[in-house]
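Take a look at the structure below.
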Amino acid sequence: MVAPHPRTTGSRLGATWPSLRVADWTGTRDTLHMWTQIVGKLRLSHAPLLNHWWQVTLYVTPRGLTTGAVPFDGGAFDAEFDFVDHRLRLRSSDGAAREVGLTPKPVATFHAETTRALDALGIGVTAQQRPNEVEPSIPFAEDEQHASYDGAAAQLFWQQLLQAQRVMERFRAHFTGKVSPVHFFWGAMDLACTRFSGRAAPPHPGGAPHCGDWVMAEGYSRELSSCGFWPGGGEEGAFYSYAYPEPEGFAGRAPGPEGAYYSVENGQFLLPYEAVRTAPDPDRALTEFLHATYAAAADLGGWDRARLEDDPRRWDGRGDAPSR
């Protein structure tokens, strides 16, 4: 067990809505961001394209973040960041496995160790070995700049993700139209869930650093309302919600609970994580934000809400659900 970080609270595993000040773990955050890009590019190399790049994301687990099963050579493999034991675990369906320790080390060292572990498993990587959506974009094999790893802070970030996912999954359940999983995008280092109206969207102009405009064109090819959490935008991170294309009047709509506001700079609604954590009922505060900002996008955008939404408890009291 890693000793609690002296500048954080709520470090007990499983703690509800832990506090983690961004300023106290920026070095670890930025290093971990690069590590997740290295592992995320395994999915980019081997998983077939899904709409909006859903095949490249990571997923929150009871111990950290995982690629999930990635098809490979007649079988599959996976990779999981274990923030309890602080290991990157690589496993193949042929029974082979390797590990890389999560300790303070440069990105270049982590990249070399991970590459050796993958080579031992016979897994190659074809994706470009430098980060996307960041500036500067230092090739992983040359990055000696990012070398921090505070294990207690990494645990707290994972616990933030656990709490965010739990509420976002309930929010997702109200939508019966096309909706993404609750998944972690390693490009921007955010946990996201996206709903779609079913209509095409105008071409996205792109502009993300070290990321082709065609990448954004695929990601935003359909009209959407997206929400999520990322470790920025507030003292302890922030929840966000935006629409693409943004309908007229969107920024003027009430965003829900106290502390939420529309950020002109970011082009989206923000709700500081600390405003949720310190609310009398954090789950209720975040739920209100998610529903209010989605309603603004859907109502002003003319979505067919009656067709796209339903009560996830609609079969409660009807006995056991079918197994299939």
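Do we find a residue being of a type outside the set (Gly, Ala, Ser), surrounded by 19 or more Cβ atoms within 10 Å (Cβ to Cβ), in contact (Cβ under 8 Å) with a residue 60 or more places away in the chain and outside the structural domain of residue 193 (by TED's automatic domain parsing) anywhere in the stretch 70-80?
no
Which one is nearest to the chain's Cα centre (by Cα) among residues in the stretch 295-309 that are assigned to a helix (DSSP H, G or I) and crowded, with 23+ Cβ neighbours inside 10 Å? Outline the logic, then answer.
Taking the stretch 295-309 as the starting set, the residues that turn out to be assigned to a helix (DSSP H, G or I) are 295-300, 305-308.
Now narrow it down to the ones that are crowded, with 23+ Cβ neighbours inside 10 Å: 296-297.
On the way: 296: 23, 297: 21 Å.
Ranking the candidates gives 297 first.
Say we look at the stretch 261-286 and pick out the residues that are in a loop (DSSP other than H, G, I, E, B) and small (Gly, Ala, Ser); which of these is surrounded by the fewest Cβ atoms within 10 Å (Cβ to Cβ)? Talk me through it step by step, then tell me what you get.
Of all residues in the stretch 261-286, those in a loop (DSSP other than H, G, I, E, B) come to 264-267, 278-281.
Checking which are small (Gly, Ala, Ser) leaves us with 267, 279.
Values: 267: 14, 279: 18.
This residue is 267.
Find all pairs meeting these conditions: Cβ atoms under 8 angstrom apart; at least six residues apart or on different chains; first residue within the stretch 257-280 and farther than 12 Å from residue 241 by Cα; second residue among the hydroxyl-bearing types (Ser, Thr, Tyr).
274/19; 277/19
Given the criterion at pLDDT 95 or above, among the aliphatic types (A, V, I, L, M) and either assigned to a loop (DSSP other than H, G, I, E, B) or assigned by TED's automatic domain parsing to the domain that holds residue 234 (or both), identify the matching residue among 84, 125, 100.
84
The values are calculated or read from the model by the stated rules, or taken from the named source; none is laboratory data. Note that the structure is predicted; figures quoted are calculated from it, not measured. For neighbour counting, all protein chains shown are included, and Cβ atoms are generated from backbone atoms with ideal geometry for every residue, glycine included.
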